[in-house]
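For reference, the structure is listed below as structure tokens.
The values are calculated or read from the model by the stated rules, or taken from the named source; none is laboratory data. Source: prediction; values computed, not measured. Here the Cβ is made from the backbone with ideal geometry for all residues, glycine too, and neighbour counts use every protein chain on show. To get the accessible areas, we keep the full protein, side chains included, count just its heavy atoms, and leave off ligands, DNA and RNA. Shrake-Rupley method; radii C 1.70, N 1.55, O 1.52, S 1.80 Å.
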Amino acid sequence: MKLDQNEISSATSRVRIALALKGLTAETLPVTILGENAESRQAGYRSVNPQGLVPALLTDSGVLITQSLAIVEYLDEIQPEPALLPGTAEGRALARSIALAIAAEIHALLPPRIGLHLGKTFQADADAVAAWNRHWVGEGMAAIETMIAGRRQGAFAVGDQPCVADIFLFPQAISARRMGFDLAQWPNIAEIVARLEAIPAFQENAPAPRR
């Protein structure tokens, strides 16, 4: 397998965590994502992934899979243990809802292309873009804290084993902390993240800080 990725990308981090939990390896192909001339915005990479996003996984059979949730679930299907989805239908639905609340409702508003568009179209400077990011992270994480608190039974987001919800929550929480948020304001998230940081697959595959 080959993984188009960027080390600062929280979406990439999700896939790297899943690979590590599964004991799977993929050749990593770095793709720059910052700035107008980033490789992700160029025709060469767009011919691989029309969205111009990372990660993208090329399977051993030559099929390209994009979107981190689809990649994580693919890995779960080809390597069933340890399972990345809970054992009940309700548990799987909750895990996916947390993952999608992060991927579709928080992270979708934060990538570099969003900041570039805000600057070009609305003349937003770096401080304005940072305030935009903080707003959506704060609002989104507060909602996820409530989602988890209302139904949490176990050490992690959904049960006593890390699952897809934790795989998505961890990189977003690490990024939130780097933005200056105190995770203690979300006690369930803070407790879960502290446990995840003790697991090498998570700790070693957190998104790198932006330089």
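The base-10 log of I(q)/I(0) for the range 13-106, evaluated at q = 0.15, 0.22, 0.23, 0.24 Å⁻¹, reads -0.67, -1.21, -1.27, -1.32 [Debye formula, identical scatterers on Cα atoms, solvent excluded].
When the solvent-accessible area of the range 59-180 is split by element, carbon and sulfur atoms take up 56 percent of it, the probe being 1.4 Å. Among 184-191, 164-171, sorting by the average number of other beta carbon atoms lying within 10 angstrom of each residue, highest first, gives 164-171, 184-191. How long are the semi-axes of the equivalent ellipsoid of the chain, taking √(5λ) for every eigenvalue λ of the Cα gyration tensor, in whole Å from largest down? Taking √(5λ) for each Cα gyration eigenvalue gives 26, 23, 14 Å.
Taken per residue, the accessible surface of the chain reaches 49 Å², heavy atoms only and a 1.4 Å probe.
In the chain, the DSSP-assigned H stretches of four residues or longer account for a calculated mean residue ellipticity at 222 nm of -16500 deg cm²/dmol, using -39500 (n - 2.57) per stretch and the full residue count as denominator. Would you mind counting up the charge near Asp76? Only other residues with Cβ under 14 Å from its Cβ, with Lys and Arg at +1 and Asp and Glu at -1. Local charge sum for Asp76: 0. Sequence-ordered 3J(HN,Hα) estimates for the range 198-210 from the Karplus curve with 6.51, -1.76 and 1.60 and θ = phi - 60° stand at 8, 9, x, 4, 7, 4, 7, 10, 5, x, 6, x, 5 Hz, glycine and proline given as x. In the range 115-211, a dipole from Cβ-located charges (positive for Lys and Arg, negative for Asp and Glu) runs towards its positive end, and of Asn205, Val164, Ala142 it is Asn205 whose Cα lies farthest in that direction. Residues of the range 62-83 falling in the label zone of Arg46, defined by backbone nitrogen less than 19 Å from a point 7 Å along Cα to beta-carbon, are 66-67. Computed over the range 119-172, the alpha-carbon pair-distance distribution with 5 angstrom bins reads 4, 17, 19, 19, 12, 10, 9, 6, 4, 1, each value a whole percent. Length gained on full extension, Glu27 to Ala89, computed as 0.36 nm times the residue gap minus the Cα-Cα distance: 19.0 nm.
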